[in-house]
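Laboratory data are not the source of any read-out in this text; all were calculated from the coordinates shown. Treat the numbers as computed from the prediction; the structure is a model and nothing was measured. Every residue, glycine among them, receives a Cβ derived from its backbone with ideal geometry; neighbour counts consider all protein chains shown.
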Amino acid sequence: MNKPDDFDSWRLPDDDSVQKVSCRKDTKVPNAMMVVIEREDHTLGNMLRMQLLDEEQVLFAGYRVPHPLEPAIQLKIQTRSDKPGPTKVVHAAIENLESELQTMRHSFKDSLSRYSASQQSGLL
């Protein structure tokens, strides 16, 4: 079968032959870049795309998975100008996404604690 081992779909090789993230400037489109993230899928790609589209300076943000058997996503970003530029916009989007995920994590933990407490008080 041609399908790679599931283990290889999420773990980077030990020999550093694959970089987790690589960026390259798009030479055909102004203020654009391509970010390739290895060993990730639609989950991260869609979250980053949606977060980037919330940024005011972003003109275009999209991602694709080049092939179902290739565990990587390609994220393309174009900004309205070179200030702040695509690199800084990606950094800002990642920071905002981390903040949102932390908020969601705390909310989940609080809800879980309340649920556990209500279950224990119901048993007594």
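A helix-only calculation puts the chain at -15000 deg cm²/dmol for mean residue ellipticity at 222 nm, using -39500 (n - 2.57) for each DSSP H run of at least four residues, averaged over all residues.
Taking one equal scatterer on every alpha-carbon of the stretch 14-121, how large is log10 of I(q)/I(0) by Debye at q = 0.10 1/Å? Debye intensities relative to I(0), on a log10 scale: -0.39. You can think of it this way: the chain between Arg24 and Ser111 has 27.1 nm of extra reach, that is 0.36 nm per residue less the Cα-Cα gap. Oblate is the label for the stretch 6-56, because a/c, from the alpha-carbon gyration tensor with a ≥ b ≥ c as root eigenvalues, is 1.5 or above and a/b does not exceed b/c. The lysines whose alpha-carbon is closer than 22 Å to the alpha-carbon of Lys88, local same-chain residues fewer than 8 away aside, are Lys20, Lys25, Lys28, Lys76. When only the Cβ of Lys, Arg, Asp and Glu is charged (+1, +1, -1, -1), the dipole of the chain relative to its Cα centre reaches about 400 debye. Could you tell me which of rounded, prolate or oblate describes the stretch 65-124, using a ≥ b ≥ c as the square roots of the eigenvalues of the alpha-carbon gyration tensor, with rounded for a/c under 1.5 and, failing that, prolate when a/b is larger than b/c and oblate otherwise? Since a/c reaches 1.5 but b/c is at least a/b, the shape of the stretch 65-124 is classed as oblate.
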